């Protein structure tokens with residue numbers, strides 16, 4: 001993983017947003033490095049900015065980062081950009097890749113081995129969106145920083 005210039009945590013001007021970004025290149029080891037970057041970012045958010053970050057939020061963020069970066073490395077040629085940002089009580093995990101094909105969650109199939117990553121990300125996230133870009137696409141998942149006072153373990157609340 002090659003850090004992009006200015007990949008240190010920063011507060012964006014005029015927004016008070018705490019964020020970091022990195023360009024991921026290389027082999028599959030960048031997936032583990034992306035998870036490590038995400039947990040380090042959340043630890044600094046908690047220590048330096050006093051925001052609550054639950055163990056569940058740490059674990060789910062690592063899972064989401066792993067799934068999104070894995071898919072980007074698997075299906076898209078070239079580098080992958082990852083951006084982490086605190087937005088209120090959420091951490092936004094955004095992954096950009098050069099593949100223009102939009103991802104689609106597949107129908108449930110208990111016999112299918114693998115290819116459940118997008119379903120997992122959607123299930124544990126407070127919000128999920130995919131945006132087509134002039135080159136490639138950008139996928140954003142939002143995860144609650146603190147455990148839900150109502151006791152919900154998954155990201156989405158029951159309907």
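No value in this document is a laboratory result; all are computed from the given coordinates. Owing to the predicted nature of the structure, the values given are computational and were not obtained by experimental measurement. Please note: Cβ atoms are built from the backbone with ideal geometry, for glycine as well, and neighbour counts cover all protein chains shown.
For this structure, a couple of remarks:
- Gain on full stretching of the segment that runs from residue 115 to residue 29 - 0.36 nm per residue minus C-alpha separation: 29.0 nm
- Calculated FRET value between residue 107 and residue 133, using beta carbons and R₀ = 25 Å, to 0.05: 0.40
- The stretch between residue 39 and residue 147 holds 37.2 nm of extra length on full extension. This uses 0.36 nm per residue minus the Cα-Cα distance.
- Estimated inter-spin distance, residue 122 and residue 89, nm [label 7 Å along Cα→Cβ]: 2.5 nm
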